[in-house]
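Structure, as structure tokens:
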Amino acid sequence: MKLLIKILSLLLPMSMHAQTVVSRLEIYDVNTDRREVIHEEVGILFEAPNWSQDGNFLIYNQGGNLYKFDLDKKKKEKINTGFAQNCNNDHGISPDGKMLAISNNDSKIGSRIYTLSIEGGLPKLITKEGSSYWHGWSPDGESLVYCAERGGNYDIYRISCTGGEEQRLTYTEGLDDGPDYSFSGRHIYFNSVRTGSMQIWRMDADGSNQEQLSNDGFNDWFPHPSPDGNKVVFLSYLDDIDPGSHPPFKKVMLRILNPDTKIIHKLFELFGGQGTLNVPSWSPDSKRFAFVSYASID
């Protein structure tokens, strides 16, 4: 199911027939409760923004490629990813801002994780097995965490940023997905369907002490802790969906979790889902985060 959704995200503009997709790159300010559309394209599907460590640009995927969007100039520039021309929406920037992790859909193998210079260049293979989908980089820059299908089940794994042997962190049936490190490095946040619906969970960085954090009737996806450690933004589906799927073009809402009190606060509703908030997108000062919303034109 996860691989099918990734493929559909690349083919979606061609499958909408009479409707034309409108993709909007937005920024939300958590202090002022203000949404700002900073870029919009009609007839183009783009997804999953990352915010650079220097705060100057965003990175998102579009049509199998990655683009850098300059926040001052409001212009995008294609990143050279070499032979990796089927990149999906699982990508992110290293803590020092120098490297980029990408997930590329390799023919007959599935998605595999590579790293390359943030400026572009030849990707280095990190995960030999597919399907593997990057989601988080440890604060010390040493490890990557990702969702991977092994033996017919999707779990969360960790691997050195230089490659090598992977370490399995979850062992439950069904889908565990969306791992992202807290900025202290102590915890990994993720979403899991193990209790029947998709919920937000947290575990220690070694996989121990797995704890459910959300449980209020929604299917919750992609938790992302802020750099200051005070909040976790995530996506919740309002439309009825298969708990193990995260389809695009659905009615969803973005919510904030206090990691200490576990109190959840609703921010706003939008049209989105897959592609909206798949990867870490907080600004370095923890005041804003980037996301993608969608609309359609008949």
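Between residue 83 and residue 36, what is the FRET efficiency for a Förster distance of 35 Å, r being their Cβ-Cβ separation, to the nearest 0.05?
Numbers: r = 36 Å, r/R0 = 1.03.
Working from the Cβ atoms, E equals 0.45.
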Practice task
Of the listed pairs 75/108; 68/128; 78/128; 108/251; 128/262, which have alpha-carbon separations greater than 31 Å here?
Solution key: 75/108; 108/251; 128/262
Exercise for the section: Give a quick list of trypsin sites (Lys or Arg not before Pro) in region 155-223 that DSSP marks as loop, anything other than H, G, I, E or B, with at most 14 other Cβ atoms within 10 Å. Expected result: 186
Handout entry: Peptide ranges 205-212, 76-83 listed from the most packed, as the mean C-beta count within 10 angstrom indicates
Key = 76-83, 205-212
Practice task
Give the distance, in whole Å, between the Cα centre of region 93-112 and the Cα centre of region 225-267.
Solution key: 24
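Values in this text are rule-based calculations from the coordinates and carry no lab data. Computed from a prediction, not measured in an experiment: that's the story for all the values here. Every residue, glycine as well, gets a Cβ built from its backbone with ideal geometry; the counts of neighbours run over all protein chains shown.
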